[in-house]
Amino acid sequence: MLRQRILTALWLVPLALGGLFGLSGAAYGLFTGGVVLLAAWEWTNLAGVTHRRQRGLLVAALAVAMVLLWVSDAARAIWPLWLALAGWLVNLYWVVRYPACREQWQASSRRLAMGGWVLLPAWVGFNVLRDVGSVWLLFVLLLVWGADIGAYFSGRAWGRRKLAPAVSPGKSWEGVAGGLAVTLALALVFAAWQGLGVAGGLALLAVTAVVTLVSVLGDLLESMLKRHRGIKDSSQLLPGHGGVLDRIDSLTAAVPLFALLSLGVL
């Protein structure tokens, strides 16, 4: 398993970084759109759709929606980010209330709708951040990775109080605190690097704290859906790493919310 993880990472990391920071314009939109569509294929399974033809048609429908957003220039608009904010508030309620309220979302149609307000705004958020500046795209990537790393080590060292035991028994509040400490330190570094000043630095710290917590929610949401479906990984597309959703679950929450909240800061 470790050998598979390393081999996959050797081609996956350069591909991801090259696509995110080496492309621009339509090429960048196609690259990030392709990643989102792969995640959408996996989401159809999480939604309980098992027939490949039906799954393909649903992914094609999302692709059409993305094309329409692109040609109407709404792929860089703000309103899909507000959709993400509203959607993630609903997701938060369902994660916190799991399993008591699962009948509210367990129908395949509702889980598919959930995928729409998660994945489509995430793609828009990637486009918005690329326009704002690649440095802030880099920041949100490091934020998610830093939150994961900080949560892993602090959770292992001090984790006692379970965060959401019905959804993901391994996560703890101490882990969240450790991840938050890492991301706030990262925000201080970027605020100094970009010369944001005191007011801008404080605003970035506030945005970072919120987005860090939202990134945890992104992970928990996918864990909840996988638990409901009785599966361990969203797919086996990435040997040793599971599926695309397993790699970007936190980003689907963090990217659109950071794009929305940071527009008045950066």
At residue 86 and residue 110, where each label point lies 7 Å from the Cα along Cα→Cβ, what is the point-to-point distance in nanometres? 1.8
Residue 164 long-range amide H proximity, modeled H, under 5 Å: 171
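Given DSSP loops and a limit of at most 13 other Cβ atoms within 10 Å, what is the longest stretch of the chain that contains no such trypsin sites (Lys or Arg not before Pro)?
On the way: sites that count: 97, 160, 161, 232.
My reading of the result: 1-96 is the longest stretch.
Specify, per residue and in Å³, the volume enclosed by the convex hull of the alpha carbon atoms belonging to region 2-262.
Values: hull volume 33.9 nm³, N = 261.
Looking at region 2-262, the number lands at 130 Å³ per residue.
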Just grab the label-to-label distance for residue 156 and residue 101, each label 7 Å out from Cα along the Cβ direction, in nm (one decimal). 3.5
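What FRET efficiency comes out for the pair residue 79/residue 57, r = Cβ-Cβ distance, R0 = 35 Å, nearest 0.05? Intermediate results must be reported in sequence, preceding the final value.
Details: r = 26 Å, r/R0 = 0.74.
My answer for the efficiency is 0.85.
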Please compute P(r) over all alpha-carbon pairs of region 192-266, binned at 5 Å starting from zero, and give each bin as a whole-number percent. 3, 16, 19, 17, 13, 10, 9, 7, 4, 1
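Would you mind calculating the gained length between residue 16 and residue 227 on full extension (0.36 nm times residue separation, minus the Cα-Cα distance), in nm to one decimal? Walk me through the numbers on the way to the answer.
Details: separation 211, 0.36 × 211 = 75.96 nm, distance 2.79 nm.
Additional length available on full extension: 73.2 nm.
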Dmax and Rg, reported as Rg then Dmax, of region 171-213 (C-alpha, Å): 11.0, 35
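Computed from the coordinates by the stated procedures, all read-outs in this text should not be read as laboratory data. Here the structure is a predicted model, which is why all the values come from computation and not from measurement. We place every Cβ from the backbone using ideal geometry, glycine too, and count neighbours over all the protein chains shown.
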